[in-house]
Amino acid sequence: MDKVYLDNAATTPLAEEVIDAMVGTMKMNFGNPSSTHSFGQEAKILIENVRRQVADYLHVTPAEIIFTSCGTESNNMIIKSSVEHLGVERIISSPLEHKCVSESILDMKSRKGVEVNYIRPNEKGDIDLAKLEELLKASDKKTLVSLMHANNEIGNIINLKQVAQLCKEHHALFHSDTVQTMAHMNLDFSDIPVDFASCSAHKFHGPKGAGFAFIRKATGLKGIITGGPQERSLRAGTENVCGIVGLGKALELSLNHMEEYTNHMQSIKDYAIQRLSAEIEGIKFNGRSAEKDNSLYTVLSALLPYKNPLIGLQLDMKGIAISQGSACSSGASKPSMVMMMVLSEDEMDHCTPLRISFSHMTTKAEIDTLVNALKEISSDYTIEKTNVEHR
């Protein structure tokens, strides 16, 4: 059975070039980057080359790029250190954030007494910037705003520059979880005054266990992992050299092929919308995920017109990997917070959400396989439902 992978928002397969770069590094550059001898310095050079590469992409200084293990670590460090070391007393966020952000905020509320204000999204998953401005004006407390660039379940994109400028006008710090957009979009932080951002390499065909945090130098943020002076003393511990090299190679490939990859994934997404709409009667699309201008091209959130909590398992048995929400919420017995925000109670009770996410490796044939499998499952369900109604 040929397998179909449509869960790229959770993770992406490693590019062959990334594997080769990492294997070469493991073979030839095993030195500790903190060592002063040639073995260590050769490894250090590799790290600094990638740091400059990332900085060039974001139009920032290399000193503002701190390598971490993933977006979760980056987001934890930024949020918690903002409270611990920068005197943040209030956080403004939304219920749509990734769990690593929402749980970090709740931790700061519980342990440090931080005031937390949430901007409730509308039924399409949009954040009301007028409400954000109202909240920013409402208090003189030192404030951190944390809003993700693109939602990992419904793909909605916020206007990063507009939010950043609004925060700057009201002397608030701005953190954005950019895990879903880093290396998928052109980002210029010399023009967008965001203070903090995060990245995970495995979202763009790099390795798991490698990521980075962008930390604007002027903020004065400090690290929460203490020990050695690695990563400008912001993240102690021996660096993951081969992982960082893999991140750099994956970023290079993504940037060199961004237009090609973007056009391909958008065409695949358009095809999926067209096929699903034509073949699955009553299907809907959540948030802005079916709109070209307002959503990320890698994510499509669909809503099947019947309740089937086993659909993920059924598709997996047919060789199709797909998600019903964030990977960090998999196995949960209730809908994710994102779905609870954008679906009505009736839809949550009687419908089934699916997250379909694409990469440049996704083909139209794989979309056809998904649609045919859903038609088969839907047909079986319809027969079962009819039998129940006529008993």
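The values are calculated or read from the model by the stated rules, or taken from the named source; none is laboratory data. Keep in mind that what you see is a predicted model, and the values were worked out from it rather than measured. FYI the Cβ positions are ideal-geometry reconstructions off the backbone, even for glycines, and counts take in every protein chain you see. What goes into the accessible areas is simple: the full protein's heavy atoms, side chains included, and nothing from ligands, DNA or RNA. Shrake-Rupley method; radii C 1.70, N 1.55, O 1.52, S 1.80 Å.
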Being over 30 Å from Glu123 (Cα atoms), touching a residue at least 40 places away in the same chain (Cβ under 8 Å) and in contact with a Phe, Trp or Tyr (Cβ under 8 Å, 6 or more places away or on another chain): is that true of Ile78 here? no
Of residues in the range 194-208 being assigned to a loop (DSSP other than H, G, I, E, B) and open to solvent by 20 Å² or more (accessible area, probe 1.4 Å), the one farthest from Lys249 (Cα to Cα): Asp195
Take Leu135 and decide whether it is over 30 Å from Ser254 (Cα atoms), open to solvent by 60 Å² or more (accessible area, probe 1.4 Å) and either at pLDDT 95 or above or in a loop (DSSP other than H, G, I, E, B) (or both). no
What number of residues within the range 107-123 satisfy the criterion of being open to solvent by 70 Å² or more (accessible area, probe 1.4 Å) and touching a helix residue (DSSP H, G or I) at 6+ places or on another chain (Cβ under 7 Å)? 2
All positions within the range 168-193 that are open to solvent by less than 30 Å² (accessible area, probe 1.4 Å), in a strand (DSSP E or B) and aliphatic (A, V, I, L, M): Leu173, Met182
Could you list, in sequence order, the residues of the range 89-104 that are in contact with a Ser or Thr (Cβ under 8 Å, 6 or more places away or on another chain) and not in a helix (DSSP H, G or I)? Glu89, Arg90, Ile91, Ile92, Ser93, Pro95, Glu97, His98
Looking at the range 1-86, what helices (runs of 4 or more DSSP H) fall wholly within it and have at least 1 residues that are more than 18 Å from the chain's Cα centre (by Cα) and over 22 Å from Leu234 (Cα atoms)? 16-28, 38-58
Mind checking which pairs have a first residue in the range 50-74 that is aliphatic (A, V, I, L, M) and a second that is open to solvent by 40 Å² or more (accessible area, probe 1.4 Å), Cβ under 7 Å, 6 or more apart or different chains? Ala55/Thr61; Ala55/Pro62; Val60/Ser190; Ala63/Lys217; Ala63/Arg232; Ile66/Arg232; Ile66/Arg235
Name the residue, out of Asn152, Asn159, that is surrounded by 22 or more Cβ atoms within 10 Å (Cβ to Cβ) and either under 30 Å from Gly248 (Cα atoms) or touching a Cys at 6+ places or on another chain (Cβ under 8 Å) (or both). Asn152
(1) touching a Leu at 6+ places or on another chain (Cβ under 8 Å); (2) open to solvent by 10 Å² or more (accessible area, probe 1.4 Å): which one isn't true of Gln165, the others all being true? (1)
Hey, among the residues in the range 253-281 that are of a type in the set (A, V, I, L, M) and over 20 Å from Val54 (Cβ atoms), which one's most open to solvent (accessible area, probe 1.4 Å)? Ala278
Name the residue that is most open to solvent (accessible area, probe 1.4 Å), counting only residues in the range 31-68 that are among the small types (Gly, Ala, Ser) and in contact with a helix residue (DSSP H, G or I) (Cβ under 8 Å, 6 or more places away or on another chain). Ser34
Residue by residue through the range 94-106, note down the ones that are surrounded by fewer than 24 Cβ atoms within 10 Å (Cβ to Cβ), farther than 16 Å from Val179 by Cα and touching a residue at least 40 places away in the same chain (Cβ under 8 Å). Pro95, Ile105
Do you know which residues across the range 335-347 are more than 22 Å from the chain's Cα centre (by Cα) and open to solvent by less than 40 Å² (accessible area, probe 1.4 Å)? Glu347
Could you please find all residues in the range 315-334 being at pLDDT below 95, more than 17 Å from Gly155 (Cβ to Cβ) and surrounded by 13 or more Cβ atoms within 10 Å (Cβ to Cβ)? Ser330
